[in-house]
Amino acid sequence: MENNTVTKKDLISLGYRENTAAELIRQAKRSMVQQGYEFYTNRRLGRVPVAAVEAIIGASIRKDADDAKD
């Protein structure tokens, strides 16, 4: 089963710096709340959909995530 979510740790393993990864997660959570997913208002939640992060950065990270597993 393919994982459709991403965490700060996953982004760091893809080469993003810690603060950049954290900011991407924050922006993705804000975006999800604006779309009506109130679940993402939880401060302890650190996992967001890959599609939300991809929309922010404007590039696919799915392929990169698959490469990181190898």
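The number of residues in the stretch 15-33 that are surrounded by 15 or more Cβ atoms within 10 Å (Cβ to Cβ) and under 16 Å from residue 50 (Cβ atoms) comes to 9.
Restricting attention to the stretch 1-21, the residues being assigned to a helix (DSSP H, G or I) and over 9 Å from the mean Cα position of the chain (by Cα) number 6.
Of the residues making up the stretch 22-54, those that are among the aliphatic types (A, V, I, L, M) and under 10 Å from the mean Cα position of the chain (by Cα) are 22, 24, 25, 28, 48, 50, 51, 52, 53. The C-beta contact set for the stretch 14-29 (first residue without any contact (Cβ under 8 Å) to a residue 60 or more places away in the chain and closer than 16 Å to residue 59 by Cα, second residue among the polar types (S, T, N, Q) and not in a helix (DSSP H, G or I), distance under 9 angstrom, 6+ apart or interchain) comprises 21/7; 25/7.
Report the residue count in the stretch 40-70 for those that are out of contact with any strand residue (DSSP E or B) (no Cβ under 8 Å at 6 or more places or on another chain), closer than 21 Å to residue 2 by Cβ and either in a loop (DSSP other than H, G, I, E, B) or at pLDDT 95 or above (or both).
10
The values are calculated or read from the model by the stated rules, or taken from the named source; none is laboratory data. None of these values were measured; they are calculated from a predicted model. Cβ: placed from backbone, ideal geometry, glycine included. Neighbour counts: every protein chain shown.
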